[in-house]
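Below you'll find the structure, written out as structure tokens, and then a few comments.
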Amino acid sequence: MHEARLYQKLENNTVKCALCNHRCTIQEGKHGICGVRLNENGMLYAATYGKISSEAVDPIEKKPLFHYLPGTLSYSLGSIGCNFHCQHCQNWHISRTTFEDATLRSLSPEEGVRRALASGSASIAWTYNEPAIWHEYPLDMGTLARRKGLGTVYVTNGYITEEGLRELAPMLNAYRVDIKAFTDDFYKKVCGARLQPVLDSAVLARELGMHVETVTLVIPGLNDSKEEMESLIRWVIEHLGPATPMHFSAFHPDYKMTDRGATPGATLERICNQAKELGLRFPYVGNVYNHRYENTYCPACGATLIERQGFSSTIRKLDGQQCTDCGEKIEIVRDVPKTSS
Ligand code: SF4
């Protein structure tokens with residue numbers, strides 16, 4: 001097994017993990033809340049290093065990332081486990097499974113990069129389950145990927161610590177973070193976590209130079225009030241900037257949350273309109289097929305810059321980072337530089 005980074009040895013063969021904000025103290029023979037970082041004989045091991053449950057070549061729009069290498073493919077990998085216990089998890093079959101029940105296969109960082117290049121992808125995304133708890137593996141693969149000119153993407157719940165995120169910064173380009181709600185109460189009851197560390201990680205990711213987009217799954221009766229959405233949108237504008245793409249996605253009943261219906265499209269549209277009125281440049285709807293708020297519009301003249309249908313996208317009135325109708329500068333990543341180290 002691969003020894004973990006970012007942990008401290010304590011007395012009696014106990015260890016303390018500093019990778020995510022649970023900061024678990026783990027006794028010998030036990031694992032942390034995520035289920036995949038194990039204490040064996042007083043050493044912490046990353047038990048899923050190089051073990052993948054899922055592999056696919058996805059449009060980058062599926063992450064969703066709308067302002068990062070639009071129209072490209074992203075070689076996507078997932079493993080098992082999660083440090084959140086969301087009642088509405090859509091990937092519970094891998095996030096909540098065990099080593100005994102999971103089907104895992106080995107993939108080295110080098111082979112992952114080879115497969116990404118062979119697939120014609122412009123980036124590698126660690127997604128499907130929480131990538132932060134896999135830390136050492138994306139870190140190794142992403143460092144190699146960047147040397148080959150591939151972009152790198154985390155689709156994350158944002159619970160990584162400052163130490164963890166700073167380690168990733170030299171290799172990680174894009175931080176697609178869920179802000180699942182804007183109350184600590186929601187995070188505690190629904191996810192088994194806290195809100196503030198998520199907000200802190202999003203701010204730090206931006207400070208470290210990563211491209212940040214947020215996703216909020218809008219759940220009827222739980223986080224969809226006008227007041228809560230206003231607080232969230234205002235926070236993003238103030239702390240991440242008005243050009244941060246925000247995705248407001250439709251909830252569908254799943255896993256342990258089957259007591260309410262799907263989010264009406266009208267609710268998502270109302271939130272996007274609210275976001276625009278508050279000054280956000282790029283609000284989007286998600287999980288709704290063929291909606292006009294999937295497109296990217298120029299915030300200055302309204303021209304359709306990128307047209308989307310499901311996960312396919314067509315660049316229309318965008319030349320590099322400029323609207324071809326009015327010349328407005330559009331905050332969008334069109335390429336990533338190779339790193340040398
Ligand atoms: S990654 Fe988080 S949940 Fe997992 S052992 Fe470390 S602190 Fe605990």
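Coordinate-derived values only; no laboratory data. The structure displayed is predicted, hence computed values, not measured ones. In this analysis, Cβ positions are derived from the backbone assuming ideal geometry, glycine residues included, and neighbour counts consider all displayed protein chains.
Please compute P(r) over all alpha-carbon pairs of the range 1-144, binned at 5 Å starting from zero, and give each bin as a whole-number percent. Taking every Cα pair in the range 1-144, the percentages come to 2, 10, 19, 20, 19, 15, 9, 4, 2, 1, 0. Which distance in Å, rounded to a whole number, links the C-alpha centroids of the range 280-341 and the range 176-226? Cα centres, the range 280-341 to the range 176-226: 23 Å. Which residue, 80, 133, 104, has the largest displacement toward the positive end of the dipole of the range 1-160 when charges sit on each Cβ (Lys, Arg +1; Asp, Glu -1)? So the residue furthest toward the plus end is 133. Relative to the longest principal axis of the Cα atoms of the chain, the long axis of helix 109-118 makes an angle of roughly 30 degrees.
Enter the Cα centre distance for the pair the range 4-38 and the range 72-147, rounded to the nearest angstrom. First find each Cα centre; the distance between them is then 21 Å.
The magnitude of the dipole of the chain, with charges of +1 and -1 set on the Cβ of Lys/Arg and Asp/Glu and taken from the Cα centre, is near 340 debye. Rounded to the nearest 20, the size of the Cβ-charge dipole of the range 76-145 about its Cα centre is 200 debye, with Lys and Arg at +1 and Asp and Glu at -1.
Only alpha carbons enter this Debye calculation for the range 281-341, each as an equal point scatterer, and the log10 of I(q)/I(0) it gives at q = 0.12, 0.14, 0.25 Å⁻¹ is -0.33, -0.44, -1.04.
Between the helical axis of 196-207 and the longest alpha-carbon principal axis of the chain there is an angle of about 70 degrees. With Cα atoms as the point set, the chain shows a radius of gyration and Dmax of 19.7, 67 Å. Think of the range 128-245 as a dipole: +1 on every Lys or Arg Cβ, -1 on every Asp or Glu Cβ, centred on the Cα centre; then among 159, 143, 205, 143 lies furthest on the positive end.
Toward the positive end of the charge dipole of the chain, with +1 on the Cβ of Lys and Arg and -1 on the Cβ of Asp and Glu, the farthest Cα among 93, 296, 253 is that of 296.
Placing +1 on each Lys and Arg Cβ and -1 on each Asp and Glu Cβ, with no other charges, gives the range 1-59 a dipole about its Cα centre of roughly 200 debye. Could you work out the longest stretch of the chain that avoids the chymotrypsin sites (Phe, Trp or Tyr not before Pro) located in DSSP loops with at most 16 other Cβ atoms within 10 Å? Excluding the exposed sites themselves, the longest stretch runs over 100-254. Ratio of alpha-carbon Rg to the 2.2 N^0.38 Å globular estimate for the range 111-250, to two decimals, please. Relative to the 2.2 N^0.38 Å estimate, the range 111-250 comes out at 1.09.
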